[in-house]
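Coordinate-derived values only; no laboratory data. Everything quoted here is computed from the prediction, not taken from an experiment. In this analysis, Cβ positions are derived from the backbone assuming ideal geometry, glycine residues included, and neighbour counts consider all displayed protein chains.
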Amino acid sequence: MFIYFFKNFYERFLDRKQKNFELKQTYYHEFLKVYTEHLSCVANNKPNKEINKRFIIETVRLLIYASSEVIEEVERIKNNPTSTKPETILKLIRKDLELNDIKEEYNFKIFKL
């Protein structure tokens, strides 16, 4: 009987963890879409109110699901978008999603939009 309860508890734990991962992945995907558009506007010195508004909405949504490391890095990005490298936020997101198979020496290739 104990084994049944433990197994049931563990299966529910894994199910919640999977649902949490999928939710975070969806939200991070939306954030990264807006973030790359925002970076493009900043790099080309062409402000866009709609993209800026969406960027603010997505950064506020981060408070719900993102790790504190991701939130701190996004705050740095908001304060000075050109001071941080995009791969920094990508590494932190991967860490938060527990996708730890990335190697430190791997170099992200950032393509100009």
Original post:
So between GLU11 and ASN52, what do we pick up on full extension, going 0.36 nm a residue minus the alpha carbon distance?
Top reply: 10.6 nm
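What's the longest bit of the chain with no exposed chymotrypsin sites (Phe, Trp or Tyr not before Pro), using DSSP loop states and at most 10 other Cβ atoms within 10 Å as the test? Kindly include the intermediate steps, with their values, before the conclusion.
On the way: sites that count: TYR106, PHE111.
Longest gap between qualifying sites, sites excluded: 1-105.
Would you mind checking LYS46/LYS95; LYS53/LYS95; LYS19/LYS46; LYS17/LYS49; LYS53/LYS85 for any pair whose Cα atoms are more than 30 angstrom apart?
On the way: LYS46/LYS95 32 Å; LYS53/LYS95 27 Å; LYS19/LYS46 38 Å; LYS17/LYS49 36 Å; LYS53/LYS85 22 Å.
Going by Cα-Cα distance, LYS46/LYS95; LYS19/LYS46; LYS17/LYS49 fall outside the 30 Å limit.
Under Stokes-Einstein, with the Kirkwood radius over Cα pairs standing in for Rh, what whole-number D in µm²/s applies to the chain at 10 °C and 1.306 mPa s? Working shown, then result.
Details: Rh = 15.9 Å.
Using the Kirkwood radius from Cα pairs, D works out to 100 µm²/s.
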